[in-house]
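Values quoted throughout were computed directly from the atomic coordinates according to the rules given, and no laboratory measurement underlies them. A quick note: this is a predicted structure, and the numbers were derived from the prediction, not measured.
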Amino acid sequence: MNGGWDCHAHLFGPYAHFPLAADRSYTPPEATEAAYLALLQRLGLDRGVLVHPSAYGDDFSLLFHALAAHPQLRGVVVLRQDTPLDLAGLRAQGVRALRFSHRSAAGANFAGSASLDDLLALAPRLADAGLHAELWTDHLALPGIAATLRALPVPVVIDHMGGFDVNAGVHEPGFRALLSLVESGQAWVKLCAYRNLLAVPDFERGRPFHQALLQANPQRLLWGSDWPHLRVAPEPDAADLLATFKAWTGSEVLVHQVLQSNPTALYA
């Protein structure tokens, strides 16, 4: 198929024009607008979703610049409840969501992130502004927050397939909580498995998690490259990740649904 969406990528730099926040917790290599557009072309995709990285703090200049210059792109910003930015005007600028973090590991929520408490405080305003929530979480945290997510007045998109534990299997409580949220239609999931498989020699062990999500509700699934693959070495090739997604999905109808129909409904 031609076209489709990459629903998760980040931009960095050029740093001469878009410097990182002074109090950032990491310093990535530059990953520019031009390089990302070239990647989309190489992947055969025509639309992308840029997620504001915490290393930029509350400076959204790069994201808004890219969205203004390229109408095929959409944005996800990171706002805390005390961030001085008007939600009402974000949709007109190409923004479709706010991103939050609620992870189980101590120190896993970086400086510049927004918390679950921020999500709960901002959820009514998100609904009024026509935006959704995106959440970086994991299988240990999910069972304790599933009921809270189910009660939100906005859809929630869960990144990185809910941080599943490949060794625990598809019946592990956190992954079952994720499946239940997807089945209900309240949650969407980005089918981006590789971060959960970095220590696993056989990448195919991620296939059952992918297929369980397809069986749960294919109308609530998206695909994201996670480019430029921060803090991962060796860096994967996004083309290989896309090819794996297609192989694991199997059906061309489902591939089209996840790459085209679903993200168009959520981000267009």
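Taking amide H atoms as placed 1.01 Å from N in the peptide plane, list the residues 5 or more away in sequence, or in a different chain, whose amide H sits under 5 Å from that of Trp188.
Amide H neighbours of Trp188: Val156, Val157, Ile158.
Given contacts defined as C-alpha pairs under 8 Å and at least six residues apart, what's the relative contact order of segment 62-133, whole-number percent? Can you show the working numbers first?
Working: 93 pairs, mean separation 24.6, N = 72.
Relative contact order, segment 62-133: 34 percent.
If I take every Cα pair under 8 Å that is 6 or more residues apart in the chain, average their sequence separation and divide by the length, what percent do I get for the relative contact order?
On the way: 479 pairs, mean separation 48.0, N = 268.
Relative CO of the chain lands at 18 percent.
If each DSSP helix of 4+ residues adds -39,500 (n - 2.57) and the sum is divided by the residues in the chain, what number results at 222 nm, nearest 500 deg cm²/dmol?
Values: 9 runs with 88 residues, N = 268.
Using -39500 (n - 2.57) per qualifying helix, the result is -9500 deg cm²/dmol.
Given the options Gly144, Gly94, Gly75, which has the most mean-square fluctuation in a GNM of the chain, springs set between C-alpha atoms less than 10 angstrom apart?
Highest fluctuation of the listed residues: Gly144.
In a Gaussian network model over the chain where Cα atoms closer than 10 Å are linked, find which of Leu198, Leu241, Leu142 has the largest mean-square fluctuation.
Leu198
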